[in-house]
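Below is one structure; the comments refer to it alone.
The values are calculated or read from the model by the stated rules, or taken from the named source; none is laboratory data. Treat the numbers as computed from the prediction; the structure is a model and nothing was measured. FYI the Cβ positions are ideal-geometry reconstructions off the backbone, even for glycines, and counts take in every protein chain you see. Keep in mind that these areas ignore ligands, DNA and RNA; they rest on the heavy atoms of the full protein, side chains included. Shrake-Rupley method; radii C 1.70, N 1.55, O 1.52, S 1.80 Å.
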Amino acid sequence: MTSPLSKRYGETDAPAIALNSPAIDLMLNHRSVRGYRPDPLPAGALEAIIAAAQSAATSSNLQTWSVVAITDPAVKAECAALSGGQQHIAECPVFLLFLADLARLNRVADRAGLPHAGNDTFEMFLVAAIDAALAAQNAVMAAEILGLSTVYIGAMRNRPEDVARLIGLPQGAAAVFGLCIGYAAEGKGGAVKPRLPQEAVLHHGRYELEKQDAAIERYNHAMAAFNERERVNTTTPWTVHSARRVSGPESLSGRHVLMQALRRMGFLKAE
Ligand SMILES: Cc1cc2nc3c(=O)[nH]c(=O)nc-3n(C[C@H](O)[C@H](O)[C@H](O)COP(=O)(O)O)c2cc1C
């Protein structure tokens, strides 16, 4: 039987360790799902998922994130359109929009009669985006523990101001990504996608760049085998695919002007 570590890295690059942790196995078994049954989440699941999300660490306990749960088919369809037509958003029963949320902290400061110019910095946008990401990953793990599937939607940053209008965001709040949640449709459960060998990612004491080349080359082979196994219609090596993703501003699906949009949305005014 293939171990969870071998599935994650391929047989040759799996770390030679014996793991006996159902919780870590669950993490190793993660896969994004892009096809959902219409069935709703069980009662209480959303609240349990959000409780897990709120249990993530949060910078200075500021809790500078929020989440908007969307179940209205018309609003999900609009989100799908804003993401360039990702139909899994319309299909899934619950679509979560994770927000970098400085609006609440601005209001807390206003009501306390205190200034909040610190929120106008890049640092505080980053704090809020990190908080949102940490919370969301706890949500993903909680969903998977409950037998649900997920996929993140970074494309919600393609047209951030349209997303903000759609869900009524005040100044100082922005959706940093979405998350589809639901039961995987028949045959759409996805597969464990290999990750880079640890040799490329884990550094001991000192960062090494050039030494990663061999591991990256092996990863090209692991991804090619994955694509063939899963009948992914591509022969493009991972290195070329990844380089193309950053080849120019136009390859960022409109997000190359994100900072200007964020300024109009009430962030980064001091920068
Ligand atoms: C922040 C973030 C944004 C993402 N945005 C999208 C997206 O817009 N559409 C999509 O289909 N997958 C999206 N993904 C999923 C990634 O493509 C996926 O995690 C990656 O290919 C690895 O596959 P796996 O999650 O199945 O292991 C996103 C993932 C992250 C973390």
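Out of the range 80-93, which residues are outside any helix (DSSP H, G or I), open to solvent by less than 60 Å² (accessible area, probe 1.4 Å) and in contact with a helix residue (DSSP H, G or I) (Cβ under 6 Å, 6 or more places away or on another chain)?
Within the range 80-93, SER83, GLN86 meet the criteria.
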(request) May I ask you to list the residues in the range 234-262 that are open to solvent by 50 Å² or more (accessible area, probe 1.4 Å) and either touching a residue at least 24 places away in the same chain (Cβ under 8 Å) or aromatic (Phe, Trp, Tyr) (or both)? (result) TRP238, SER253
(request) Please go through the range 48-78 and pick out each residue that is in contact with a strand residue (DSSP E or B) (Cβ under 6 Å, 6 or more places away or on another chain) and within 16 Å of the ligand (Cβ to nearest atom). (result) TRP65, VAL67, ILE70, LYS76
(request) Quick one: HIS88 ticks every box in (1) more than 20 Å from GLY182 (Cα to Cα); (2) within 12 Å of the ligand (Cβ to nearest atom) except a single one, so which number is it? (result) (1)
(message) Being under 22 Å from the mean Cα position of the chain (by Cα), more than 16 Å from ILE50 (Cβ to Cβ) and touching a residue at least 40 places away in the same chain (Cβ under 8 Å) is the requirement here; does LEU102 meet it?
(response) yes
(message) Report every pair of residues separated by at least 6 positions or lying on different chains whose Cβ atoms are under 8 Å apart, first residue within the range 172-196 and without any contact (Cβ under 8 Å) to a residue 60 or more places away in the chain and part of a loop (DSSP other than H, G, I, E, B), second more than 9 Å from the ligand (Cβ to nearest atom) and not charged (D, E, K, R).
(response) LEU196/ALA215; LEU196/ILE216; LEU196/TYR219
(message) Could you check the range 197-217 and list, in sequence order, the residues that are in a loop (DSSP other than H, G, I, E, B) and either more than 16 Å from the ligand (Cβ to nearest atom) or open to solvent by 30 Å² or more (accessible area, probe 1.4 Å) (or both)?
(response) LEU202, HIS203, HIS204, GLY205, ARG206, TYR207, GLU208, LEU209
(request) Among the residues of the range 139-154, write down those that are more than 16 Å from GLY178 (Cβ to Cβ) and among the polar types (S, T, N, Q). (result) none
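Does ALA164 satisfy the criteria of being within 14 Å of the ligand (Cβ to nearest atom), touching a residue at least 24 places away in the same chain (Cβ under 8 Å) and either closer than 17 Å to ALA81 by Cβ or of a type in the set (Gly, Ala, Ser) (or both)?
Values: within 14 Å of the ligand (Cβ to nearest atom): no; touching a residue at least 24 places away in the same chain (Cβ under 8 Å): yes; either closer than 17 Å to ALA81 by Cβ or of a type in the set (Gly, Ala, Ser) (or both): yes.
When the stated conditions are applied, ALA164 does not pass them.
Which of the residues spanning the range 105-158 are outside any helix (DSSP H, G or I), surrounded by 14 or more Cβ atoms within 10 Å (Cβ to Cβ) and either away from the ligand (no atom under 16 Å from the Cβ) or not aliphatic (A, V, I, L, M) (or both)? Break it down stepwise before answering.
Narrowing the range 105-158 to residues outside any helix (DSSP H, G or I): 112-116, 121, 146-153, 158.
Cutting the leftovers down to surrounded by 14 or more Cβ atoms within 10 Å (Cβ to Cβ) gives us 116, 121, 146, 148-153, 158.
Answer for the range 105-158, where residues must be outside any helix (DSSP H, G or I), surrounded by 14 or more Cβ atoms within 10 Å (Cβ to Cβ) and either away from the ligand (no atom under 16 Å from the Cβ) or not aliphatic (A, V, I, L, M) (or both): HIS116, THR121, LEU146, SER149, THR150, TYR152, ASN158.
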(request) Go through the residues of the range 33-47 one by one and say whether even a single one is surrounded by fewer than 18 Cβ atoms within 10 Å (Cβ to Cβ), in a helix (DSSP H, G or I) and within 16 Å of the ligand (Cβ to nearest atom). (result) no
(request) Give ALA23, ALA77 a once-over and let me know the one that is free of Cβ contacts under 8 Å to residues at least 40 places away in the same chain, closer than 25 Å to ALA164 by Cα and touching a helix residue (DSSP H, G or I) at 6+ places or on another chain (Cβ under 9 Å). (result) ALA77
